Amino acid sequence: VMRDYQLEGLNWMISLHARGLNGILADEMGLGKTLQSISLLGYLSLIEREPAPHLVVVPLTVLGNWCKEIERWCPGLRAVRLHGNKDERRYIIETQVAAGNFHVLVTTYECVASEATALRKLRWRFLVVDEAHRLKNEESKLSVILRSIKVTNRLLLTGTPIQNNLHELWALLNFLFPDIFNTSEPFDRSFDSKAGHVSVSSLDRLQRLLQGVMLRRLKAEVEKGLPPKKEVKLFLPLSPMQADWYRRVLLRDLSGLESSKAGGTAIHNVVMHLRKVCNHPYLFEGAEPGPPFVEGEHLVTNCGKLVVVDKLLKRLKAAGHRVLLFTTMAKVLDILEDYLRWRDYAYCRLDGSTSTADRERMMSEYNAHNSNKFVFLLSTRAGGLGINLTGADTVVLYDSDW
């Protein structure tokens, strides 16, 4: 059952369609932009009997989730998944796309680039672009290719319509309304953050325009029934081994830090090494005792963070909780994997090298009823997009991405 604000979002998109307008659904992450978009496509194809198909372009990491959500929420929509190697894609295009017996084609940024010629041959009703902040550069290859595909309406989905500056918003508006936003110079002059200049009249006009073509809601505004998020920050002491390696890093780079010529890169390198010390001293060659290298209590006792994580996981396991454990470093994942294996905790692991098929399989395993998987290990980059792990109730950030 859709929530009230999701129904409002659906009606808003239907009204855009009725007026022949493009738009941006910019709800905060977690409010169901995918569900609202699928509902729109279902309404157009199954209720309005729109004959033209729709094109949905998504990051590879969420391709499987989109297809599952279509099957779950709108099984009447005939969806084609365009992905695979060159021969597999050609087979899908020749046997399914060319036949035209489908409502929605779901594909990735990369496949759009590879199969642009075939996609240009069709006339699409709606083009839906997920994580549309990827279009923040109007001259990017993805933006140029998508503009060349014949579509009637465009819908952009993004929880972050502005990441760095207002020119990125102009790029999205240019993609939606190229005849109106045909040059960025007036826009950039009106909103020059570097010079500290903002045109009040232009700001008023922009706000009025956005009210008509962009819908954004926050969890705090629409999900008032959700319990407040509990966030606990723990500041931990270093283990004796960590303290020793911390001194080594500082002493080794002391001359460089004291030099007046020390640049930002040199300082950043020192900070990165200190972060590694704090995450686990075994990230440095020669720190781990051995050979032979064996798993054991030393994995925990030589790292202040892991001492606390070890105690925390024991309590969470005993209380029946299930955990997502995030870290920014792939090598830290290796150490945490050794630790979980040593403690005999059932786990899954996802990082940048995980294939799409394995990613979907592990999410299904973890979310399955009565799953025995206690911990899901994730890198913040690979796990920050397209992850739907409703089986967990606790998130542990082993280190912050800053």
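Considering segment 284-315, and only residues there that are in contact with a Lys or Arg (Cβ under 8 Å, 6 or more places away or on another chain) and part of a helix (DSSP H, G or I), the residue that is surrounded by the most Cβ atoms within 10 Å (Cβ to Cβ) turns out to be LEU313.
Can you tell me which residue is modelled with the lowest pLDDT among those in segment 275-302 that are of a type in the set (A, V, I, L, M, F, W, C) and more than 17 Å from ARG341 (Cα to Cα)? Among those residues, the one meeting the criterion is ALA287.
Taking the stated definitions as given, is VAL57 modelled with pLDDT of 95 or more and within 23 Å of ALA171 (Cβ to Cβ)? Break it down stepwise before answering.
Numbers: modelled with pLDDT of 95 or more: yes; within 23 Å of ALA171 (Cβ to Cβ): yes.
Against the criterion (modelled with pLDDT of 95 or more and within 23 Å of ALA171 (Cβ to Cβ)), VAL57 qualifies.
Taking first residues from segment 270-285 that are polar (S, T, N, Q) and partners that are crowded, with 19+ Cβ neighbours inside 10 Å and at pLDDT 90 or above, the Cβ contacts under 6 Å between residues at least 6 apart in sequence or on separate chains come to ASN279/VAL332. Scanning for something modelled with pLDDT under 90, in contact with a His (Cβ under 6 Å, 6 or more places away or on another chain) and more than 30 Å from ARG154 (Cα to Cα), does segment 217-226 turn up at least one residue? The answer is no; no qualifying residue exists.
The values are calculated or read from the model by the stated rules, or taken from the named source; none is laboratory data. Fair warning: this is a prediction, and the values are worked out from it, not measured in the lab. Note that each Cβ is placed from the backbone with ideal geometry, even for glycine, and that neighbours are counted across all protein chains shown.
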